[in-house]
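The values are calculated or read from the model by the stated rules, or taken from the named source; none is laboratory data. No experiment lies behind these values; they were computed from the predicted model shown. A quick note on method: Cβ atoms are made from the backbone with ideal geometry, for glycine too, and the neighbour counts reach across all protein chains shown.
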Amino acid sequence: MSTITSEPRVNLKSVTPDVSAGMRALHLAAAGNAARAGLPDPLLELLRLRVSQINGCEFCIDLHARDARTGGEAPQRLDALFAWKTSTLFDAREKSALALAEAITLVHDGRVPDEVYRAAATEFGDEGVAALIWVCTVINAYNRIAISTRMVPPNSQS
């Protein structure tokens with residue numbers, strides 16, 4: 001039985017502008033914190049894209065793939081993102097961040113394992129790990145908003 005319908009969904013930005021503004025402020029705060037922790041934007045876009053892939057958020061996949069390409073990310077790396085664990089296109093630092101992002105996203109599958117957290121902490125330190133956790137938390141929340149309200153990428157809207 002399918003749960004996909006064509007029924008109209010609420011526009012959260014219109015109906016709850018204060019909460020939407022709060023979510024935007026959280027996003028900006030997390031991004032600013034990541035910048036202060038020295039996390040490069042291309043890494044953050046990879047994380048946002050990978051989390052969105054896991055969650056199956058069409059809107060966010062489209063958005064963050066475009067942002068990554070605009071930011072200079074190589075198409076080959078974007079194509080290989082699903083296989084980051086075995087790919088030689090990603091370095092140890094990126095892999096530790098991606099592992100943490102996946103563990104946070106799939107927290108129901110056994111929480112965030114100590115070895116995953118430890119690897120990220122070794123690569124990024126406390127400030128960097130804190131920034132990674134916030135960035136991943138925000139994109140997971142945005143994925144849930146976009147999926148719940150059936151947001152679609154701009155080029156696929158009728």
### Message
Whether any residue in the stretch 115-125 is touching a residue at least 40 places away in the same chain (Cβ under 8 Å), on the phi < 0 side of the Ramachandran plot, not basic (Lys, Arg) and not in a helix (DSSP H, G or I) is what I want to check.
### Response
no
#### Entry: Hits in the stretch 43-57 - residues which are more than 8 Å from the chain's Cα centre (by Cα) and either surrounded by 21 or more Cβ atoms within 10 Å (Cβ to Cβ) or under 15 Å from Trp84 (Cα atoms) (or both)
Leu43, Gln53, Ile54, Cys57
#### Entry: Any chance Glu45 is not in a helix (DSSP H, G or I) and not hydroxyl-bearing (Ser, Thr, Tyr)
no
### Task
Enumerate the pairs (first residue in the stretch 62-87 and within 15 Å of Val51 (Cα to Cα); second residue anywhere and surrounded by 15 or more Cβ atoms within 10 Å (Cβ to Cβ) and polar (S, T, N, Q)) with beta-carbon separation below 9 Å, excluding pairs fewer than 6 apart on the same chain, so at least 6 apart or on different chains.
Asp62/Ser52; Leu63/Ser52; His64/Ser52; Ala65/Ser52; Ala80/Ser87; Leu81/Gln53; Leu81/Ser87; Phe82/Gln53
### Query
Can you find a residue in the stretch 60-73 that is of a type in the set (Val, Ile, Thr), surrounded by fewer than 19 Cβ atoms within 10 Å (Cβ to Cβ) and more than 16 Å from the chain's Cα centre (by Cα)?
yes
### Message
Residue under question is Gln76, and the condition is that it be within 13 Å of the chain's Cα centre (by Cα), farther than 21 Å from Ser20 by Cα, of a type in the set (S, T, N, Q) and in a helix (DSSP H, G or I); does it hold?
### Response
no
### Test: Glu45 is charged (D, E, K, R), touching a helix residue (DSSP H, G or I) at 6+ places or on another chain (Cβ under 8 Å) and within 16 Å of Thr105 (Cα to Cα)
yes
### Residues of the stretch 7-42 classified as surrounded by fewer than 16 Cβ atoms within 10 Å (Cβ to Cβ), modelled with pLDDT of 95 or more and outside any helix (DSSP H, G or I), total
3
